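The values are calculated or read from the model by the stated rules, or taken from the named source; none is laboratory data. For clarity, every value in this text was computed on a predicted model and none was experimentally measured. FYI the Cβ positions are ideal-geometry reconstructions off the backbone, even for glycines, and counts take in every protein chain you see. Please note that ligands, DNA and RNA were not included when accessible areas were found on the heavy atoms of the full protein model with its side chains. Shrake-Rupley method; radii C 1.70, N 1.55, O 1.52, S 1.80 Å.
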Amino acid sequence: MGCLQTKHASRSPHLLDTREAVALAAETSFTVSEVEALHDLFRKISNSVIRDNLIHKEEFQLALFRGKKQQNLFVDRVFDLFDQKRNGVIEFGEFVRSLGVFHPDAPEDQKVAFAFKLYDLKQTGFIERHELKEMVLALLDESDLDIASDAVEMIVDRADTKGDGKIDQEEWTEYAKDNPYVLRNMTLPYLKDITMVFPSFVMHSEISETDMAV
Amino acid sequence: MAMKKNQDSQLVMGRYRLGQLLGSGNFAKVYKAHKVATGEAVAVKVLDKDAVHRSGMAEKVKTEVDVMRRVRHPNVVRLHEMMATRSKIYFVMEYASGGELFARLAQSTRFPEPVARRYFQQLMTAVEFCHSRGVYHRDLKPENLLLDARGDLKVSDFGLSALQDGRGGRQLRGDGLLHTACGTPAYVAPEVLLKTGYDGAKADIWSCGVILFVLLAGYLPFNDTNLILVYRKITQSNYKCPPWFSVEARKLLARLLDPNPRTRITISKVTANPWFQKGLCPLTTDKPLDLWETSEVLGKEKACRCRHHQRDDADADADADDEENTRKRKRSKVTVSSPPTVAVRPSSMNAFDIISRSSGLDLSKMFDEEHRSEARFSSRESTAAIMSKLEEIAETRNLDIKLNKRGRVEMEGGQYCRRGTLVIEAEIFEVAPSVRVVEMRKIGGDSPEFREFYRQELKPSLGDIVWSWQGSDSPPTPLLPPALRQATNQRP
């Protein structure tokens, strides 16, 4: 390992640390190889505006909207959730752990919890009626859909099954169980292809045979 | 070699358990393996990294992965994922449990014409598909033709041909006759032998011709004990058809084995050939083929075609059961009666259905535009009007359209089974009393083909019923992927 560090230090200061890769693989549904492949994607996104190996919000937006400057309530929310340390940037570890939730093999309850946090805009522990409405309006706006306000109310009402003006974790979990379709965006099938999309790691991987068994 | 000890229980990346050695070469070994989580059988090709470096193939490995990823077809062995350690590279691939096609040939000396034709058809659909993706095999030969559990052909090593190590090491099972031919140029086109620079497409067609001959005859068209004589026979295309070859088969072979690549038949001509077409609809099959009869057809009468229903693995992995259901559904013939006044009850959307569709929540855009296989638009038309529009499109594009169990609309078609039939599912939601959202998803077939169909045909013809196309649904401009590739190439 020591030899590895000195060998590569001058070449690339942003090289993925083998121990970090192994640790992240152990924590998520990714293999070490997938973590290494994700590092390529991370390097690309995190150096698109500022070359600092950290994903800033602008870089995140850029990656999702391909150059079109677009403010989006949901992108902001996703960014905040990825930014676990809440320091305004996404580090590689945060990137992998968060994407891990989107892995097709990630446990369902992780996805349910992530989606709940996402929709709980003000982090009150409840998805409140006004938050729901705000999100519905944001989506309708994003889609250029102009819908009468009473129709919007109806849409919001349909989600609040208890009719108490807010949705708690339990209610959400039930709802997601009955309507698995709403969790569709919590799974990225492409993550399974990541080692083929970014295959460069195969030549420079420094994972040892024992690490591989993890 | 950590490999040596405990070979039949070695765990790779905690995900695959290596089993039986299937074959080995100078720097590659192929193992049968099982995915620990699901028990799914796979083939794992293990490359020795030092050897790859020593032979200067490092760059090739990367391009070959890229190629293999692009050629997803039901008749091409699929690459599932890559893994690597400091000393090894692992290609995790689809396992063809039926073994080599030619091993089966050895048992029955030769195949009856309809059987040979069926394998040839599957071979040609695979080759045609790969060519359409700019991928040429250049090394089509018996060892590369495998069979899956259903007896369907799987071409292996498309894209890996450049990585092929010396043939001497490949001592897989099979018949002696054909395998002694390895190391001789038995399947290689004359222009390749002459090293004059060649067209990969034409060279592949020649090899397919040789393969067809062998399937029908049970022996090689160009063979001799003397290598010089073999060369001469190939360059002159000097072969003799045995008496049991039909006239049509002889004619086609003559066109495939044309020593001049310029006048040699093209793939589109092969697939239009009457002899080739003949078997395209095998209705009585004792073998469980992945071929389906045409099920219910709305509106248009059509000749029956075979169905190579290929589901995107993302879906297939996610809901293998669902695939089973799809199959059953197809077989149970849910016929929608015409005139097409179909009662589709649109699903009502609630807040979560709506917000989960935000493009800001679609992280897939971070990866690869190539994968996009969804489109969405809103409409002020009634459900019935939307339905009849979809039917109209289906009819003019020669697609089957039907309702599936969930009340969604399925469109299916394409020219016979060339690239795995494109299957599109459309779902109509009622957002508000006067507003409907129609979501169209590819549930079978090839992503690039879906996008082409979507851009060239679907989008223009929907025209007047669309109120607005939604969110991120601008024409895909793959800005990121080339840049990404560049970035990865720059790596030391």
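Observations on the model:
- With a 10 Å cut-off around each Cβ of A:180-193, the average count of Cβ atoms from other chains is 6.
- Packing here is the average count of other Cβ atoms within 10 Å per residue, and on that basis the peptides B:430-438, B:54-62, highest first, run B:430-438, B:54-62.
- Look at the stretch B:256-267: the mean tally of other chain Cβ atoms within 10 Å of its residues' Cβ atoms is 0.
- Shielding score for A:152-158, defined as the mean number of other chain Cβ atoms within 10 Å: 5
- The heavy atoms of B:C208 present about 0 square angstrom of accessible area, all protein chains included, probe 1.4 Å.
- Prolate/oblate/rounded label for the stretch B:11-94 (Cα gyration tensor, a/c 1.5): oblate
- Neighbour count of at most 12 Cβ within 10 Å plus DSSP loop: longest trypsin sites (Lys or Arg not before Pro)-free window in chain A: A:163-214
- Directionally averaged shadow of chain A, computed from the convex hull of its alpha-carbon atoms, nm²: 13.7
- In terms of distances greater than 31 angstrom between alpha carbons, the cross-link table entries B:K278/B:K389; B:K49/B:K365; A:K44/A:K85; A:K177/B:K389; B:K251/B:K459 yield B:K278/B:K389; B:K49/B:K365; A:K177/B:K389; B:K251/B:K459.
- Taking the convex hull of the alpha carbon positions in the stretch A:107-186 and averaging its projected area over all directions gives 5.3 nm².
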